[in-house]
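Colleague: Dropping the structure in here first, questions after.
The values are calculated or read from the model by the stated rules, or taken from the named source; none is laboratory data. Fair warning: this is a prediction, and the values are worked out from it, not measured in the lab. So basically every Cβ, Gly included, is an ideal-geometry build from the backbone, and we count neighbours across all protein chains shown.
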Amino acid sequence: MSEKELKRLFIAITFHPEEGFAEKIRQLRQCTFRTDLVNWVQPDLLHLTLKFIGETDTARMLDICSAVEAAVRNVDPFTFTLDRIGAFGSRYQPRVIWLGPVYTPDAIVQLHNRIDLNLAKKGFPKTFGNFVCHLTLARIRRIDDKSYFWKQFEACRQLFSETVEVRECVLYESILHKGYQPQYVALEHFRLSGKS
């Protein structure tokens, strides 16, 4: 029997930063000191994950593609705004800095739910917990001066207002490199076709 070929997969919406986004990130990065350990995500790696699939046998790719194709069929393209920064983890131990919408549009929640349900019908586990629409901006390993961090963080809360046009979903492979940022390879694109 041949050995399985595994790929680490997820489905996402690609984020294309507008002009001026890099400057806003620079301002947000002032939240941290040089002695802090914060890994900022490169702009070309930013995305909104709709469904993390994980280590998957490549023989299941056809199942994944058919499930996502069915999920996006007759879904109209839509637009929304990323205008809220937040942090996952506790106030004493923040772990992730993220950017998301103040008001999550029903369209993106429904798209996530359709993909999740269709993949579940193919035998993939359903997403655990509530779906939180967000871009991961940074992963925090250590913050030395938490009061400074939160003071600066609060000052940046109104900084962002980024438009996201959702015209397609992308199946990505995530390739992890020890000590480096991951590499994301687009494997398939699924266009939102709109109502027929």
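Colleague: Kindly establish whether Pro94 is more than 30 Å from Glu5 (Cβ to Cβ), surrounded by 14 or more Cβ atoms within 10 Å (Cβ to Cβ) and in contact with an Asp or Glu (Cβ under 7 Å, 6 or more places away or on another chain). Explain how you work it out, then say what you get.
Modeller: Values: more than 30 Å from Glu5 (Cβ to Cβ): yes; surrounded by 14 or more Cβ atoms within 10 Å (Cβ to Cβ): yes; in contact with an Asp or Glu (Cβ under 7 Å, 6 or more places away or on another chain): no.
Considered against the rule, which asks whether it is more than 30 Å from Glu5 (Cβ to Cβ), surrounded by 14 or more Cβ atoms within 10 Å (Cβ to Cβ) and in contact with an Asp or Glu (Cβ under 7 Å, 6 or more places away or on another chain), Pro94 comes out as no.
Colleague: Please state which of the following conditions Arg8 fails to meet, knowing it meets all the rest: (1) part of a helix (DSSP H, G or I); (2) of a type in the set (D, E, K, R); (3) within 20 Å of the chain's Cα centre (by Cα).
Modeller: Only one criterion is unmet by Arg8, namely (1).
Colleague: Hey, another quick one. If you go through the range 21-40 one residue at a time, how many are in a loop (DSSP other than H, G, I, E, B) and either modelled with pLDDT of 90 or more or among the basic types (Lys, Arg) (or both)?
Modeller: Going residue by residue through the range 21-40, those that are in a loop (DSSP other than H, G, I, E, B) are 30-36.
Of the ones still in play, those that are also either modelled with pLDDT of 90 or more or among the basic types (Lys, Arg) (or both) are 34.
Result for the range 21-40: 1.
Colleague: Evaluate the following for Thr163: is it under 20 Å from Thr49 (Cα atoms), surrounded by 13 or more Cβ atoms within 10 Å (Cβ to Cβ) and at pLDDT below 95? Break it down stepwise before answering.
Modeller: Details: under 20 Å from Thr49 (Cα atoms): yes; surrounded by 13 or more Cβ atoms within 10 Å (Cβ to Cβ): no; at pLDDT below 95: yes.
No.
Colleague: To continue, here is another question. Give the residue, chosen from Phe160, Phe190, that is in contact with a Cys (Cβ under 7 Å, 6 or more places away or on another chain) and in contact (Cβ under 8 Å) with a residue 60 or more places away in the chain.
Modeller: Of the residues listed, the single one that is in contact with a Cys (Cβ under 7 Å, 6 or more places away or on another chain) and in contact (Cβ under 8 Å) with a residue 60 or more places away in the chain is Phe190.
Colleague: Further, regarding this structure: Just checking, which of Asp116, Asp63, Asp44 is surrounded by fewer than 19 Cβ atoms within 10 Å (Cβ to Cβ) and modelled with pLDDT of 95 or more? Steps first, please.
Modeller: Values: Asp116 fails: surrounded by fewer than 19 Cβ atoms within 10 Å (Cβ to Cβ); Asp44 fails: modelled with pLDDT of 95 or more.
Matching residue, one of Asp116, Asp63, Asp44: Asp63.
Colleague: Given the options His47, His16, name the one that is under 11 Å from the mean Cα position of the chain (by Cα) and closer than 26 Å to His112 by Cβ. First the steps, then the outcome.
Modeller: Numbers: His16 fails: under 11 Å from the mean Cα position of the chain (by Cα).
Sole residue among the options that is under 11 Å from the mean Cα position of the chain (by Cα) and closer than 26 Å to His112 by Cβ: His47.
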